[in-house]
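The values are calculated or read from the model by the stated rules, or taken from the named source; none is laboratory data. Being a predicted model, the structure only gives us computed values, none of them experimental. Backbone-built Cβ (ideal geometry, glycine too); neighbour counts: all protein chains shown. Ligands, DNA and RNA are excluded from the accessible area calculation, which covers all protein heavy atoms including side chains. Shrake-Rupley method; radii C 1.70, N 1.55, O 1.52, S 1.80 Å.
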Amino acid sequence: QVQVVESGGGWVQAGGSLRLSCAASGTIFSINAMGWYRQVPGKQRELVAAVTRGGDTNYADSVKGRFTVSRDNAKNTVYLQMNNLKPEDTAVYYCSIIRSDNGIRYWGQGTQVTVSS
């Protein structure tokens with residue numbers, strides 16, 4: 001069994017910063033991609049940022065230059081540093097991991113990020 005737990009969400013004023021963390025535990029032999037998605041009511045979940053085991057990153061155009069994704073392979077942990085936050089960044093942020101051995105994706109429970117103008 002695999003558990004994925006996020007932390008670090010909250011409320012911040014526009015222009016502020018937050019750092020999200022996500023730790024995966026359980027029966028994990030190796031993790032391929034780790035990343036962050038977000039969702040607002042009535043819209044589809046969208047990719048925010050992802051990082052492969054080798055360190056290659058991918059960002060949504062809307063967050064490039066403001067957000068940074070990183071990971072610690074030894075700790076099965078992925079981080080999302082969010083700077084210069086905007087009200088449109090308000091959403092529930094979900095962590096996602098993909099196991100290397102079977103390609104199964106696991107999701108965290110989500111953490112709310114609210115940015116006020």
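What to note about this one:
- Taking every protein chain into account, the accessible area of the chain amounts to 52 square angstrom per residue (probe 1.4 Å).
- Theoretical FRET efficiency, 1/(1+(r/R0)^6), r = Cβ-Cβ of Gln44 and Asn73, R0 25 Å, to 0.05: 0.25
- Given R0 = 30 Å, the distance between the Cβ atoms of Lys86 and Phe29 translates into a calculated FRET efficiency of 0.20.
- Each 5 Å bin from 0 upward holds the following percent of the Cα-Cα pairs of the range 70-116: 5, 16, 21, 24, 16, 10, 6, 2, 0.
- Modelled label positions at Arg19 and Asn102, each set 7 Å beyond Cα in the direction of Cβ, lie 3.4 nm from each other.
- Scaled radius of gyration (Cα, divided by 2.2 N^0.38 Å) that the chain gives: 1.01
- Whole-number percent relative contact order across the chain, with pairs defined as alpha carbons under 8 Å at least 6 apart: 36
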